[in-house]
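First the structure, in the form of structure tokens, and then the observations on it.
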Amino acid sequence: MTTTTDTNLAAAPKILILGATGPTGRHIVSQAVGRRYDVTVLVRSPQKATAFKGVKLIVVGDARDEKALRQATKGRDAVISALGTPASPFREVTLLSTATRALVKAMKAEHVSRLVTITGMGAGDSAGHGGLLFDKLIFPALLRNVYADKNRQEAIIKGSDLDWTIVRPSILNNKSARNAIRTLTDLNAFHGGSISRADVATFILDQITSDAWLGRSPSISW
């Protein structure tokens, strides 16, 4: 099912945003529309579609459904994945890896190569750099299963032949943008930190028109 809104957005760049209804995804959508990008979003229910203004195309479907992803990806220049999942201290998490596996297949089928994905500080080789409270309490008590799936998600992306960038933000907050983002690859002296969702959205969208972090996994923080 698709719905089209009445808009005069420019034709390029054409992007698909997954996780658009999440707290960070909403910032990405808003900023993308503000930049006059041609935006498609994938949502799970028609009711959620009413939240978006200035979005050119809304596709209703599940992010784990390759058919829905192909429909949403068709004709796009790039895909942004801001998919998230709630804390799950007791149950295995598979949403992120399952959706990413389906997304990679859909992008290849539709000949779309550029993928920018948000995971988080604590994934991959950024593990152990979230700060004392995060690393010693929050991570093991609440997020261990979530980050196990983020690691699977990252492995799927890195094992694809897509033009990918994986972005690992530090602890997210809802403060105003500072427009002063630190981009980190050497985390030896970094332990902790935070960043606003608005600044994360800006960094993510900047990657659509830049190859500066192509094939890399930067961590970002204030």
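FYI, it's all coordinate maths here, none of it is from the lab. Keep in mind the model is a prediction, meaning the values are calculated, not measured. Note that we place each Cβ from the backbone using ideal geometry, even for glycine, and neighbour counts take in every protein chain shown.
Kindly indicate which of Thr40, Thr24 is of a type in the set (S, T, N, Q) and either under 16 Å from Leu69 (Cα atoms) or without any contact (Cβ under 8 Å) to a residue 40 or more places away in the chain (or both).
Working: Thr24 fails: either under 16 Å from Leu69 (Cα atoms) or without any contact (Cβ under 8 Å) to a residue 40 or more places away in the chain (or both).
Within the list Thr40, Thr24, the selection yields Thr40.
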Residue in the range 45-64 that is farthest from Ser97 (Cα to Cα), counting only those that are more than 16 Å from the chain's Cα centre (by Cα) and of a type in the set (Lys, Arg): Lys53
Of all residues making up the range 121-150, the number that are on the phi > 0 side of the Ramachandran plot and surrounded by fewer than 22 Cβ atoms within 10 Å (Cβ to Cβ): 3
Hey, Asp163 surrounded by fewer than 20 Cβ atoms within 10 Å (Cβ to Cβ), of a type in the set (Asp, Glu) and closer than 30 Å to His111 by Cβ or not: yes
Residue within the range 193-213 that is of a type in the set (D, E, K, R), part of a helix (DSSP H, G or I) and surrounded by 19 or more Cβ atoms within 10 Å (Cβ to Cβ) present: yes
Residue, farthest from Leu184 (Cα to Cα), within the range 129-159, restricted to residues that are of a type in the set (Lys, Arg) and touching a Leu at 6+ places or on another chain (Cβ under 8 Å): Arg152
Ile80, sole failed condition from (1) part of a strand (DSSP E or B); (2) free of Cβ contacts under 8 Å to residues at least 60 places away in the same chain: (2)
